[in-house]
Each structure stands twice: as C-alpha cells, then as structure tokens.
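Just below is one structure, and these are the notes that go with it.
The values are calculated or read from the model by the stated rules, or taken from the named source; none is laboratory data. As the structure is a prediction and not an experimental result, all values here were calculated from the model. Here the Cβ positions follow ideal geometry from the backbone for every residue, glycine too, while neighbour counts run over all protein chains shown. With ligands, DNA and RNA removed, areas are computed over all heavy atoms of the protein, side chains included. Shrake-Rupley method; radii C 1.70, N 1.55, O 1.52, S 1.80 Å.
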Amino acid sequence: RDAMQAGRDYAVFAPALDQEASRRLALMGELRHAIERHQLALQLQPKLHLASAAICGAEALVRWKHPLLGQVPTFEFITLAEQAGMITPVTHWVLEATFRERYAWHMAGIELPLSVNLSAHDLRDPTLLDKLKGLVETWGAKPGWIQLELTESALMVDASAAVETLHSLKRLGFQLAIDDFGAGYSSLGYLHRLPVDATKIDQSFVIPLVQNEDCATIVSSAAQMAHKLGFEVVAEGVESQDALRRVTELGCDIAQGHFVSHPMAADQFGAWRAASPWSSPASLAH
Ligand code: C2E
Ligand code: MG
Ligand code: MG
Ligand code: MG
C-alpha cells in the first residue's frame, strides 16, 4: 500500500516539479540575455519621513519583463541569478541604472538618497568596490547620494568579512542599511559593530501590525534598540493609514509601503513627488 501510495504521490507531484524545473531552466537561459536585450528596468518606491511628513528618498527595485514569459517576480529571478552565478552582471546593471537615475535627480534639483539592494553574493564580489568607485567618479556622486541595502541574512553569511566590506563602502561615502531586519536569525552580538545608518524592519512584522499586538511589540522593541545603536528606523510594508499611524507611534522614523506609494517607473518619481501630499514639510500644516 505504501508503494502504491508513493506512486500516486509521485504521479500527483512529478508534473508540478517538472514544470517548476523547466521554468527554472528556461528562466536561467533567458536571464543570460536579459541585459543585452534591454529587458531589465528600475522601479522606484518612495520613502516617507514621518516627523516632517516629507518624502525623504526612494528605493530602486529591479524588474524583468520577458517578451513571452511576461513580468518575472523579482525575488524569483534574483534568487535564480544568485544560484546560477549570474548575480554580478545583474547587480552591476542595477548599480549603473541607479547612479544614472540619481544623477537625473541631481539635475532636477532632487537631493535625496536613493537606495539600492545588494545580495549576499555581491558582498563577496571582488570587483564590487572598483565598480562603485568607477560609478562615483563617472557621475560625480556626492557622499549620501546612494544608500546600499543589505539583508540581515546576507550580512550573516560571513559576519566578520561583511563588517570589513561595510567599512570600505562607508569610506567610499555610501549610506548603509540593514534590510529585512528581524527576518534573519539575528546575532545581536555583531550588530553594534556594523557601520550602518539605518535598519529596515521586515514587512512580516509591519503588515500584521494593526491587528497583532505581538508584532507591534516587536516593531517597537526593534525600533528602540536600533535607535540606541544610532540607526535610523524604516518600517517597510506600510499598507494603510492605520499602519502609518501605528509605526509613527511605535517610534519608526521612516515609512515605506503601498500606502505611501507602490513602486513606480523611475521617470515618474519627480512628478509623483511634486503632486503628492508629502511634497514638502508644509503639508504638516493640514
Ligand atoms: P526588499 O528590498 O525588502 O524590497 C521590498 C519589497 O516589498 C519589494 O518587492 C516591494 O515591491 C515590496 N513592497 C513594498 N511595499 C509593500 C507593501 O506595502 N506591502 C507588500 N506586501 N509589499 C511591499 P520586490 O520589488 O518584488 O522585491 C523583492 C525583493 O527582491 C526585495 O526585497 C529585495 O530583497 C530583492 N530585490 C529587489 N530589487 C533588487 C535588486 O535590484 N537587486 C537585488 N540584489 N535584490 C533586489
Ligand atoms: Mg530593500
Ligand atoms: Mg526589505
Ligand atoms: Mg524583502
């Protein structure tokens, strides 16, 4: 009976596994050409400074639109690129696009930090620092133009090597943020050694915040600890007015999420900001 049951399970699950495996293979093959075929794009998601009710920056998020497969979920192809050893060219493309965008902000008089995500593998990329140095020179980037977001779990892969790399990045003038804070397994012991400017509290605590008191406790404790260590606190995944009010009460400095804005095409940011209720500190008067 067991064998029969196993056979039946196999019959049920094999096609699904098969489909998954062939999608992965197809995506890997296509990803190799995504850059030269101009299929990658940046979207920007604004960040709202709570005390001044003003937009204080944005995060660059990469998008891949394949002509036949359509929009490929970012987390899916980033993970795939990491596993297939293809993350470096993707990251370099994203960094180039981010610096170009930040320069366009500068020309438009928008002097806010633009954040960009690095993956765990990027921290071990021996060409990363030179790539960044080159981009700083090419675009005349000022210190504070670009913030680099690194997930807590990426930093944990090799914490002491990460600390060194982060110091080098700081010396080049970058702001640094710990992304998905609380979602990785925190080793609190190394946190105070990280030369970072901000922590982004993971959306898994922020999204349920309004209904779930435990999540509220976690957010408030994480915010308190981060402040004591000298970090600015960003809440990610703020989806409603209530959540915005709650993260403010719980001590977060900055909110990011669908309530403020969904990610948008990079060239829409300036107009969006000018038309938003958060275009300037004056909106506090309302
Ligand atoms: P992340 O850096 O934590 O980015 C936040 C993710 O949450 C984004 O998903 C964003 O669209 C989504 N999000 C924003 N506000 C809300 C909200 O209110 N509710 C919900 N449910 N979701 C919200 P996205 O763009 O699909 O990216 C997923 C992850 O993929 C990112 O998480 C980041 O880890 C990674 N990623 C994105 N772009 C890049 C990139 O250029 N390079 C690398 N290495 N990783 C990237
Ligand atoms: Mg991020
Ligand atoms: Mg995050
Ligand atoms: Mg995330």
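Counting only lysines at least 8 places from Lys47 when in the same chain, those with an alpha carbon closer than 16 Å to its own are Lys200. Result for the chain in a Gaussian network model with C-alpha springs under 10 Å: among Leu40, Leu176, Leu148, the largest mean-square fluctuation is at Leu40.
Note the direction-averaged projected area, equal to a quarter of the hull surface, for the Cα convex hull of the range 31-170, in nm².
9.6
If you build a Gaussian network model of the chain, linking Cα atoms that sit under 10 Å apart, which residue out of Gly57, Gly70, Gly182 swings the most? Per the Cα network of the chain with a 10 Å cutoff, Gly70 tops the list. So for the chain, Kirkwood radius off the Cα pairs, Stokes-Einstein at 10 °C and 1.306 mPa s: how many µm² s⁻¹? Once the numbers are plugged in, D ends up at 78 µm²/s. Taking the centroid of alpha carbons for each part, the range 47-100 and the range 140-160 are 14 Å apart. Exposed loop sites are taken as trypsin sites (Lys or Arg not before Pro) in a DSSP loop (any state but H, G, I, E or B) with at most 15 other beta carbon atoms within 10 Å; the longest stretch of the chain without one runs 194-286. Sites counted here are GluC sites (Glu not before Pro) in a DSSP loop (not H, G, I, E or B) having no more than 13 other Cβ atoms within 10 Å; the longest part of the chain that contains none of them is 112-286.
The mean sequence distance of close C-alpha pairs (under 8 Å, at least 6 residues apart), as a share of the length of the chain, puts its relative contact order at 19 percent. Remark: accessible surface ordering of Met264, Met107, Met28 (largest first) is Met107, Met28, Met264, probe radius 1.4 Å. Taking all Cα-Cα distances within the range 163-263, those exceeding 22 Å account for 29%.
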